[in-house]
Amino acid sequence: MREQREAFVAAAGVEGANVRAACRAFGISPTTGYKWLGRAAGGDIEERSRRPRHSPAATPADLEAAVLRVRSEHPTWGGRKIHHALRLRGVVAPQPSTITGILHRHGLIAAEESEKRRPYQRFEKAAPNELWQMDFKGHFALAGGGRCHPLTVVDDHSRYGVVLAACADERRSSVVAALTSAFRRYGLPDRMLMDNGPPWGKDFAHRHTKLTAWLMRLGIEPIHGRPFHPQTQGKNERFNGTLKREVIAGVAFADLAAVQRRFDAWLPLYNHERPHQGIGDVVPACRYRKAERSLPERLPAIVYDADCLVRRVSEGGCISLGNRRLFISFAFVGHPVGLRPTACDGVFEVMFCSYRIGTVDVRVNTHQAPP
């Protein structure tokens with residue numbers, strides 16, 4: 001570039017030279033040409049830095065250091081979360097875009113990570129405890145042997161984590177123990193969303209297990225996501241992703257107790273300190289409150305309306321109706337179900353507690369689960 005400037009000045013700086021013609025010949029604008037000629041006349045042909053000598057709007061060094069401290073404490077947090085975390089600490093925080101620029105300058109954000117951040121449409125329940133989302137995050141090996149199966153439950157409205165348990169397996173007993181503790185602490189939700197795998201569903205066609213039967217006894221409606229469609233439980237999936245990045249990744253845990261200690265230390269931070277972009281960058285605790293219904297000391301008796309025929313489900317998962325045996329489900333073995341007549345003769349709705357679990361057609365000895 002220096003050679004080009006010198007050649008241009010030599011050609012256009014002679015007396016009587018056509019400056020504009022020289023500019024066209026060298027492929028530069030007249031403004032640039034006259035600027036170069038002016039500098040050459042003053043003895044300065046070097047290119048000057050465009051960086052301003054003074055930056056009155058630059059982020060103060062102490063504030064930039066505060067940004068970097070939060071980032072070092074939470075290596076996965078970006079500009080938005082750091083902005084709100086600083087505000088919670090009483091700091092007049094820079095804008096999220098400024099914080100992002102600071103992180104870029106210090107080489108703390110990879111370009112490919114920026115490309116992943118895309119806005120997407122969200123749906124949520126109107127109030128806390130209308131719906132809890134439940135899932136097992138992918139299990140991982142323990143250094144001392146065995147595997148950890150993290151059970152996670154998130155409130156749909158607030159994103160508040162109500163369960164984070166390091167389980168040794170994915171059996172019903174492990175889930176019941178973790179949920180019982182959560183129900184005692186937070187109360188009972190109206191509904192719980194889960195996928196179709198065990199222990200809460202055998203498959204898409206047979207959606208009830210002893211676990212979902214227990215939930216219905218408590219007045220909690222179990223619902224299932226569409227098969228092969230994890231977006232249905234997107235809030236739980238996002239929680240699991242954050243859990244992996246901030247707690248599990250790169251750590252070798254000796255045993256389940258070590259995992260649970262780390263879970264117990266992190267969950268209050270997630271609920272009370274970590275701003276969540278999906279809820280306007282407030283913390284989940286700002287939007288959560290305990291449920292009005294509490295866990296009963298004893299399961300309530302199952303009572304049906306007078307228009308229902310009541311039959312007990314046998315060990316084989318069947319009921320007797322007249323001289324027929326109709327299969328219902330192994331999930332309700334030992335419990336009474338209610339048969340409510342429909343407008344179609346011989347077809348009954350099958351009720352368990354207050355929930356419709358399918359229909360039976362005594363004309364063809366069939367039972368169908370609800371769609």
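Only the coordinates and a few stated rules stand behind these numbers; no lab work does. Fair warning: this is a prediction, and the values are worked out from it, not measured in the lab. Here Cβ is always computed from backbone atoms with ideal geometry, including for glycine, and neighbour counts include all displayed protein chains.
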How many nm separate the modelled label positions at residue 305 and residue 281, each set 7 Å beyond the Cα in the direction of the Cβ? 5.1
Report, to the nearest 10°, how far helix 61-73 tilts away from the longest principal axis of the Cα atoms in the chain, using its own Cα long axis and a range of 0 to 90°. 30
Taking the mean number of other Cβ atoms within 10 Å as a proxy for protection, how do you rank 92-101, 20-29, 327-336 from highest to lowest? 327-336, 92-101, 20-29
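What order, most packed first, do the peptides 133-142, 31-40 have when packing is the mean number of other Cβ atoms within 10 Å of each residue?
By packing density, highest mean first, the sequence is 133-142, 31-40.
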Given labels modelled 7 Å from the Cα in the Cβ direction, how far is it in nm from residue 324 to residue 20? 9.9
Give me the distance in nm between label points sitting 7 Å out from Cα along the Cα-to-Cβ direction at residue 191 and residue 89, one decimal. 4.1
Folded to 0 to 90 degrees: helix 79-88 orientation relative to the chain principal axis, Cα: 80
For the ranges 185-192, 161-168, what's the packing order if you count other beta-carbon atoms within 10 Å of each residue, average per peptide, and put the highest first? 161-168, 185-192
How high is the relative contact order of region 2-41, in percent, counting Cα pairs under 8 Å that sit 6 or more residues apart? 39
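For the chain, report the translational diffusion coefficient in µm²/s to the nearest whole number, using Stokes-Einstein at 20 °C, 1.002 mPa s, and a Kirkwood Rh over Cα pairs.
It comes out at roughly 82 µm²/s.
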What's the angle, to the nearest 10 degrees (0 to 90), between helix 2-12's Cα axis and the longest principal axis of the chain? 50
